[in-house]
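The values are calculated or read from the model by the stated rules, or taken from the named source; none is laboratory data. Values in this document were obtained by computation on a predicted structure and should not be read as measured data. Please note that ligands, DNA and RNA were not included when accessible areas were found on the heavy atoms of the full protein model with its side chains. Shrake-Rupley method; radii C 1.70, N 1.55, O 1.52, S 1.80 Å.
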Amino acid sequence: FHTGDLAEQDADGHLRITDRKKNIMVLANGKNVAPVAVESRLQESPLISRVLLVGDGQNTISALIVPDFDALYAALSPAPERDAENAWVEGEAANKAVRAELDRLQGVLAPFEQVRRFALLRRDFTLDLEEMTPTLKPRRKVILEHFAAQVAAMAD
């Protein structure tokens, strides 16, 4: 649309707005990715609370993932020692469990839309740090600044 919205038409001919054009990420290979659709798909996992895709100008898609801490911890066997800072989410067992979920959910996505690298975050995005809007939408720019070290570690 000229409004800046992206839409798709269903089998009945109805239009459904799916994203905003300004939210599109352009990969280094020229492929366009609508992050909201991919993020929504990945958040269907019971182990994942929030996802923020990263990849503008990169060769592949990466993701900052806020796990559902209780569900992820319950899924780990043997369970690591739990701590107040959630350092256990950076362990190998948590990464393997989330990778298995990503692999399961991404089968319907185009190869260039699939998350290749990810970082599990120790905390959720907050209103207090202005990482979320009052309507609880993530502020991509602020989050990328706050988690710059994790983003840099995932860069190609």
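Here is how the numbers come out for the structure above:
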{"read-out": "Residues located in region 80-98, provided they are among the small types (Gly, Ala, Ser) and either within 21 Å of Glu44 (Cα to Cα) or open to solvent by 60 Å² or more (accessible area, probe 1.4 Å) (or both)", "value": "Ala84, Ala93, Ala94, Ala97"}
{"read-out": "Region 20-42 - residue that is open to solvent by 20 Å² or more (accessible area, probe 1.4 Å) and assigned to a loop (DSSP other than H, G, I, E, B) and, of those, modelled with the lowest pLDDT", "value": "Ile24"}
